[in-house]
Every structure is written in C-alpha cells, then in structure tokens.
Amino acid sequence: MIDVPMPPDDPENRPHWEAAKRGVLLIQCCPACGQCRFPAVRSCAHCHHVGGDWIEASGLGVIESFCIFHKAYWPAFQAVLPYTVIQVKLREGVRFMSNFVASPGEPPGIGLPVRARFDPVRPDLTLVRFEPLV
C-alpha cells in the first residue's frame, strides 16, 4: 500500500467511495433525462434537473486517452513510477479518469476494452482502476 493523497470528503460523492470499498462502481444519473455523470454534481448539465440517482455501472469501457507519468508530482507516487493515467468511456457514457493496471510491458492503447477493478490502497480508501478486458 502507498500513502496516496486522499480525495476530499465530499458528501455528494461519498456513495461512490463507499461502494468502491464493496467492489461496486456507482455513478450518478439524472432521474429526469437519464444522463449519467461522474463525479456527482448537484444538478444535471444536460437538462438542469436538481438531484441524481446512484446506479451500479457495468465497469466496462474503452480507453479514450492516456498519459504515462515518469515523474512523481506527489512523493507517494515515487515508488510506483512509471504509472499510467487513462480516460475511460464507460458503457453508460460517463468519462472516468483513473489508472491503468496491466502486466509490465503491456501498454495501454486508444480503443482498448477495459474493466474496473477495485484496489484497497489504505484501510479507508479503495480506488477504482482499470485493467485490460481479457
């Protein structure tokens, strides 16, 4: 485990973090128009309806973009260099920023199908990361 920077304790996104500890990927969807989003926000950017419902996402998507970091911008990440940050478009339409976890030498690629995995990095924090869909 590494001492990763903790996301802020945001009541609007707390359901996501609590579900991740149970191995479930939750995203918020608008009950009025069905548009899904992450992170959670107070009102829908599509129809402006206030509020949202949490749904269990499939955890499946494709990589739309990626960046491989060779420099640690936070000391905790020095031990895991290089690491890859990816933008995944989930089947539900949500774009999700995360890390790519694969075997050494297995690079990410645009359009690569991926699935969510849940990595406990501290007793109080589980991160949603993505691995190649085999």
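Within the range 59-100, take every residue that is among the hydroxyl-bearing types (Ser, Thr, Tyr) and surrounded by 13 or more Cβ atoms within 10 Å (Cβ to Cβ) and give me the one that is nearest to residue 13 (Cα to Cα).
Of the range 59-100, the ones among the hydroxyl-bearing types (Ser, Thr, Tyr) are 65, 73, 83-84, 98.
Then drop every residue that is not surrounded by 13 or more Cβ atoms within 10 Å (Cβ to Cβ), which leaves 65, 83-84, 98.
Numbers: 65: 24, 83: 25, 84: 24, 98: 16 Å.
In this case the residue turns out to be 98.
State yes or no: is residue 101 touching a Lys or Arg at 6+ places or on another chain (Cβ under 9 Å), at negative phi and hydrophobic (A, V, I, L, M, F, W, C)?
Numbers: touching a Lys or Arg at 6+ places or on another chain (Cβ under 9 Å): yes; at negative phi: yes; hydrophobic (A, V, I, L, M, F, W, C): yes.
Criteria met by residue 101.
Just give me the residues in the range 58-107 being in a loop (DSSP other than H, G, I, E, B) and either over 23 Å from residue 16 (Cβ atoms) or touching a His at 6+ places or on another chain (Cβ under 8 Å) (or both), in sequence order. Before you say what the answer is, go through the steps one by one.
In the first step, residues of the range 58-107 are kept if they are in a loop (DSSP other than H, G, I, E, B); the result is 58-59, 70-74, 81-82, 91-94, 101-107.
Residues satisfying the conditions are 70, 71, 72, 73, 81, 82, 102, 103, 104, 105, 106, 107.
Evaluate the following for residue 18: is it more than 13 Å from the chain's Cα centre (by Cα) and not in a loop (DSSP other than H, G, I, E, B)? Let's see the steps before the verdict.
Working: more than 13 Å from the chain's Cα centre (by Cα): yes; not in a loop (DSSP other than H, G, I, E, B): yes.
Spelling it out, residue 18 is indeed more than 13 Å from the chain's Cα centre (by Cα) and not in a loop (DSSP other than H, G, I, E, B).
Answer yes or no as to whether residue 35 is closer than 23 Å to residue 16 by Cα and within 13 Å of the chain's Cα centre (by Cα). Show your work before the answer.
On the way: closer than 23 Å to residue 16 by Cα: yes; within 13 Å of the chain's Cα centre (by Cα): no.
Judged against the criteria, residue 35 is not a match.
Out of 12, 56, I need the residue that is closer than 26 Å to residue 113 by Cα and either free of Cβ contacts under 8 Å to residues at least 40 places away in the same chain or among the small types (Gly, Ala, Ser) (or both). Which one?
On the way: 12 fails: closer than 26 Å to residue 113 by Cα.
After ruling out the rest, the residue left standing is 56.
Quick check on residue 12: is it outside any loop (DSSP other than H, G, I, E, B) and of a type in the set (Asp, Glu)?
No, not satisfied.
Taking the range 108-120 only, how many residues are assigned to a loop (DSSP other than H, G, I, E, B) and loosely packed, with under 14 Cβ neighbours inside 10 Å? Quick ask: steps written out before the conclusion?
In the first step, residues of the range 108-120 are kept if they are assigned to a loop (DSSP other than H, G, I, E, B); the result is 108-112.
Subsequent filtering for residues that are loosely packed, with under 14 Cβ neighbours inside 10 Å retains 109-111.
Of the residues in the range 108-120, 3 are assigned to a loop (DSSP other than H, G, I, E, B) and loosely packed, with under 14 Cβ neighbours inside 10 Å.
Might you let me know whether the range 62-76 holds any residue that is aromatic (Phe, Trp, Tyr) and without any contact (Cβ under 8 Å) to a residue 12 or more places away in the chain?
Yes: the range 62-76 contains one or more residues that are aromatic (Phe, Trp, Tyr) and without any contact (Cβ under 8 Å) to a residue 12 or more places away in the chain.
Any residue at all in the range 95-118 that's touching a helix residue (DSSP H, G or I) at 6+ places or on another chain (Cβ under 7 Å) and under 21 Å from residue 5 (Cβ atoms)? Can you show your working first?
Kept after step one, since they are touching a helix residue (DSSP H, G or I) at 6+ places or on another chain (Cβ under 7 Å), are these residues of the range 95-118: 118.
Next, from what is left, pick out any that are under 21 Å from residue 5 (Cβ atoms): 118.
Among the residues of the range 95-118, at least one is touching a helix residue (DSSP H, G or I) at 6+ places or on another chain (Cβ under 7 Å) and under 21 Å from residue 5 (Cβ atoms), which makes the answer yes.
Being at pLDDT 95 or above and under 20 Å from residue 108 (Cβ atoms) narrows it down to one of 80, 88, so name that one.
Values: 80 fails: at pLDDT 95 or above.
It is 88.
The values are calculated or read from the model by the stated rules, or taken from the named source; none is laboratory data. As the structure is a computational prediction, the values presented were derived from the model and not from experiment. Because the Cβ atoms are built from the backbone with ideal geometry, glycine has one as well, and the counts that use them run over all protein chains shown.
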